[in-house]
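The block underneath contains the structure these notes are about, expressed in structure tokens.
The values are calculated or read from the model by the stated rules, or taken from the named source; none is laboratory data. Just so you know, these numbers come straight off a predicted model, no measurement behind them. Cβ placement follows ideal geometry from the backbone for every residue including glycine, while neighbour counts extend to all protein chains displayed. Areas reflect the complete protein model, heavy atoms only, side chains present, ligands, DNA and RNA absent. Shrake-Rupley method; radii C 1.70, N 1.55, O 1.52, S 1.80 Å.
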Amino acid sequence: MTAPTSRRIRRATSCVAGAALLLAACGGGDDEETLVGYRIEPLRNVADFTVEAASAGNEPFPIRADPGRLLVVFLGFTNCPDACPTALAEVRQAIDRLGDDAEPIDVAMLTVDPTRDTPDVHTSYVRGFVDHGIALRTDDTDELRQIADAFGATYDTAHDHTGATTDVGHTDQTYLVDTNGDIIVTWTADMTTDDLEHDLRIVLDELHQGTTP
């Protein structure tokens, strides 16, 4: 059997001018209040979707942050050799740097490979990076595709002659979701721990001031 592999589908990270896509920043810059990630206007919303939280006994989980909190979401899979562990490790490092300030931040990973990512495997994987990480899943392939579309993410899966998954490709972006289910920041694959920490501090300040978009 062919060994599972992963193909990373990247999006361009250069600055784009236009109404559909508003880049808050393209890295760097001297403005401490400028996001490294970007916000799409109008904001994408994922609150209409409810999936299972494998890490909580498969309880229903609406894809939105709890009141007064923020939800970091990553779409990936546990057999991913590079993109997923890198992204989750950077999220964990940024949260560690924030210390007590990170208390309102929850972290969730939605698997795009639910056949192999069983509830136990998925939960163990996510919590290997974030102690209270939330493992999200749905076995409904149509719903999974709709959720990915709502995030602006893409993925594809290849199988061998036995039907076993051999290859999964996906966009490796990380999303910050608020209590309305709005995606208020998207980070590209080129994000760093510094970028995440910087942006999360800005959004946490907005949250405390009641000005989060």
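Structure above, values below:
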{"quantity": "Failed condition for residue 204, given (1) buried (at least 18 other Cβ atoms within 10 Å of the Cβ); (2) under 18 Å from residue 74 (Cα atoms); (3) out of contact with any strand residue (DSSP E or B) (no Cβ under 7 Å at 6 or more places or on another chain); (4) aliphatic (A, V, I, L, M)", "calculated": "(2)"}
{"quantity": "Selection status of residue 78, outside any helix (DSSP H, G or I) and either in contact with an Asp or Glu (Cβ under 6 Å, 6 or more places away or on another chain) or open to solvent by less than 20 Å² (accessible area, probe 1.4 Å) (or both)", "calculated": "yes"}
{"quantity": "Failed criterion for residue 58 (all others in (1) in contact with a helix residue (DSSP H, G or I) (Cβ under 9 Å, 6 or more places away or on another chain); (2) surrounded by 15 or more Cβ atoms within 10 Å (Cβ to Cβ) hold)", "calculated": "(2)"}
{"quantity": "Check on residue 77, closer than 22 Å to residue 191 by Cα and of a type outside the set (D, E, K, R)", "calculated": "yes"}
